[in-house]
Amino acid sequence: MAAAKKPAPKKTTTASKPKPKTSGKKSNRSFGEKVKWFLIKTMLWFFGISIGSVIFFKYVPVPFTPLMLIRAIENKMDGKEVYFDHDWEPIDKISMNLQKAVIASEDGTFLTHNGFDFKALQKAYKSNERGRRIRGGSTISQQTAKNVFLWQGKSYFRKGLEAYFTVLIEIIWGKERIMEVYLNSIEMGDGVYGAYAATEHWYRRDASSLTPMQAAGIAAILPNPRKFKATGSSSYINRRKERIVREMRYVGKINYSGDGK
């Protein structure tokens, strides 16, 4: 007898479940998370690069600054000769008279403040508020931070970055290194940057052998070194020179080791 065929199993059809709809809130949260992590990574990169660059330039001479590049572009666009003179000079080969002169002229409390002279800032704010000549109130530390790491400008964003880098160089560099970088990077004439180039440009002599009056001449033009001249100066600059020489006497002996760094 033929074996009875087993009935074929019944096919069961299962209805496909609809895919859950992605809620708008979940999508928004996902986008928000991406933005948050992007900002966190950006901040971490910024802190890492900024702190690393400050540590790097604690030991390595600063080859050029943003201002040097900006000035070269400005002269090129104006059809002027692109003149650039900058040589690094260790601080022990820079005249102590020049170090005293810039302290007397630019930042009388440089050796004692922590990067900011709040009294000078308050005076500058009141002077500007009364409509008098615009005053900055920036310390040598702030000027150094701006010259080396930032661009020129008066926006609150740039000033915030300036404050940040000022704190960094005060902590990592110390006063002597700040002064060394300042005197090697600051604009001291049209296309002239640093003490070595400035002393040769204005006085045809070595940076270590400046007299008090010669040092005061360079310090006197710092508000606008492309307009004023350290030699053959106007009566305004000559008065500034005399005042700076008088104030240099009150600076006294410079002791950078007193900042504990």
Next on the checklist: Can you tell me which residue is surrounded by the most Cβ atoms within 10 Å (Cβ to Cβ) among those in the stretch 175-195 that are among the small types (Gly, Ala, Ser) and closer than 19 Å to LYS58 by Cα?
Outcome noted: ALA195
Checklist entry - Is it fair to say PRO225 is open to solvent by less than 70 Å² (accessible area, probe 1.4 Å) and touching a strand residue (DSSP E or B) at 6+ places or on another chain (Cβ under 7 Å)? => result yes
Item to check | Members of the stretch 55-84 that are surrounded by 12 or more Cβ atoms within 10 Å (Cβ to Cβ), more than 14 Å from the chain's Cα centre (by Cα) and among the hydroxyl-bearing types (Ser, Thr, Tyr) | outcome: TYR83
Checklist entry - Taking GLY232, is it open to solvent by 30 Å² or more (accessible area, probe 1.4 Å), among the small types (Gly, Ala, Ser), free of Cβ contacts under 8 Å to residues at least 40 places away in the same chain and within 29 Å of GLN152 (Cα to Cα)? => result yes
Checklist entry - Quick one: THR144 ticks every box in (1) closer than 17 Å to SER233 by Cα; (2) in a helix (DSSP H, G or I) bar one, so which box is it? => result (1)
Next on the checklist: Let me spell it out: the conditions are (1) in contact with a Phe, Trp or Tyr (Cβ under 6 Å, 6 or more places away or on another chain); (2) open to solvent by less than 40 Å² (accessible area, probe 1.4 Å); (3) of a type outside the set (Val, Ile, Thr), and GLY52 meets all of them except one. Which number is the exception?
Outcome noted: (1)
Checklist entry - Considering the stretch 214-230 alone, what residues qualify as being in contact with a helix residue (DSSP H, G or I) (Cβ under 6 Å, 6 or more places away or on another chain) and of a type in the set (A, V, I, L, M)? => result ALA215, ALA216, ILE218, ALA219, ALA220, ALA230
Next on the checklist: Tell me yes or no: at least one residue of the stretch 138-148 is open to solvent by 40 Å² or more (accessible area, probe 1.4 Å) and either over 19 Å from PRO223 (Cβ atoms) or modelled with pLDDT under 90 (or both).
Outcome noted: no
Checklist entry - What is the residue count in the stretch 54-103 for residues that are without any contact (Cβ under 8 Å) to a residue 12 or more places away in the chain and closer than 25 Å to ILE244 by Cβ? => result 1
Next on the checklist: Going through VAL54, VAL62, VAL82, VAL102 one at a time, which residue ends up being among the β-branched types (Val, Ile, Thr) and either modelled with pLDDT under 85 or in contact with a His (Cβ under 6 Å, 6 or more places away or on another chain) (or both)?
Outcome noted: VAL82
Checklist entry - Do you know which residues across the stretch 83-122 are small (Gly, Ala, Ser) and within 19 Å of SER138 (Cβ to Cβ)? => result ALA101, ALA104, SER105, GLY108, GLY115, ALA120
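The values are calculated or read from the model by the stated rules, or taken from the named source; none is laboratory data. Everything numeric in this text was worked out from a predicted model, so none of it was measured. Methodologically, a virtual Cβ is constructed for each residue, glycine included, from the backbone with ideal geometry; neighbour enumeration extends over all protein chains shown. All accessible areas refer to the heavy atoms of the entire protein, side chains included, with ligands and DNA or RNA removed. Shrake-Rupley method; radii C 1.70, N 1.55, O 1.52, S 1.80 Å.
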